[in-house]
Amino acid sequence: YFQFTEALTAAEFAGEFLKEVLRQYLCFVERDIAAATETTLERLYRRLMDASSKDAASIIHTHFEAEKSSDKNAMLRNALTAPERISGLSGIRVFLLLDDIDLAGEADIPDAGLISRHLNAALCSGGIRFVASGTAPAAFTGMRSSANMEVMTLEGLDEDSSVAMLSELSRQNGVSFDSEVLTLASRRLEGCPVYLKNLVWAAHRMSLDL
């Protein structure tokens, strides 16, 4: 799983993507659960070497070398092909869940175009299976012509259904709510079931009312 965020340069995106892929590799393949809390590639590199996963560690080494020469293209290629290589190393089919993918192409990010081009090339190659979500149709323009994937437009729930869903989820999770707030939330979140569920879950986790 990887959630895109705003304002990441090519180097930052490549590093964050690699960290997420390799953290999950260590947790699920090497059974190194403590790796889930690692925040640097240097520490993940040491864990991979300790686990005798030298081939996986070499992915981080390649990133470091590209970083030294400020080669953005090499960093992006290395990061975005990592899931496919991890699949080959582990023998386990990797399935990517990519959330808010449209943020990868935000116009105010200096490397937005570069990140988008490499991302589309990696996803359209057919080398890895994935599901990607986003709210900006333009983010999927380059993918629509690929025979390896299908792009679907999902409409949000109408206001009445959204409020009903929020009400029921709030009751199930013991979250007190104001009906007017639920109506406003359903409008702001455009009826997206995932966002509606996350809102209630966040309120429950933080012991807050809606």
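The values are calculated or read from the model by the stated rules, or taken from the named source; none is laboratory data. Source: prediction; values computed, not measured. Here Cβ is always computed from backbone atoms with ideal geometry, including for glycine, and neighbour counts include all displayed protein chains. Just the protein is used for accessible areas: all its heavy atoms, side chains included, with ligands, DNA and RNA removed. Shrake-Rupley method; radii C 1.70, N 1.55, O 1.52, S 1.80 Å.
Residues in region 174-210 that are part of a loop (DSSP other than H, G, I, E, B) and over 23 Å from Leu97 (Cβ atoms): Gly174, Val175, Ser176, Phe177, Asp178, Met206, Ser207, Leu208, Asp209, Leu210. Scanning region 28-47 for residues being at pLDDT below 90 and not β-branched (Val, Ile, Thr) gives a total of 8. The condition of being under 19 Å from the mean Cα position of the chain (by Cα) and either charged (D, E, K, R) or exposed (fewer than 14 other Cβ atoms within 10 Å of the Cβ) (or both) holds for only one of Arg77, Arg47, Arg43, that being Arg77.
Checked against (1) out of contact with any helix residue (DSSP H, G or I) (no Cβ under 8 Å at 6 or more places or on another chain); (2) at pLDDT 80 or above, Thr141 passes all but condition (2).
Total residues in region 109-122 satisfying the condition of being touching a Ser or Thr at 6+ places or on another chain (Cβ under 8 Å) and open to solvent by less than 30 Å² (accessible area, probe 1.4 Å): the figure is 3.
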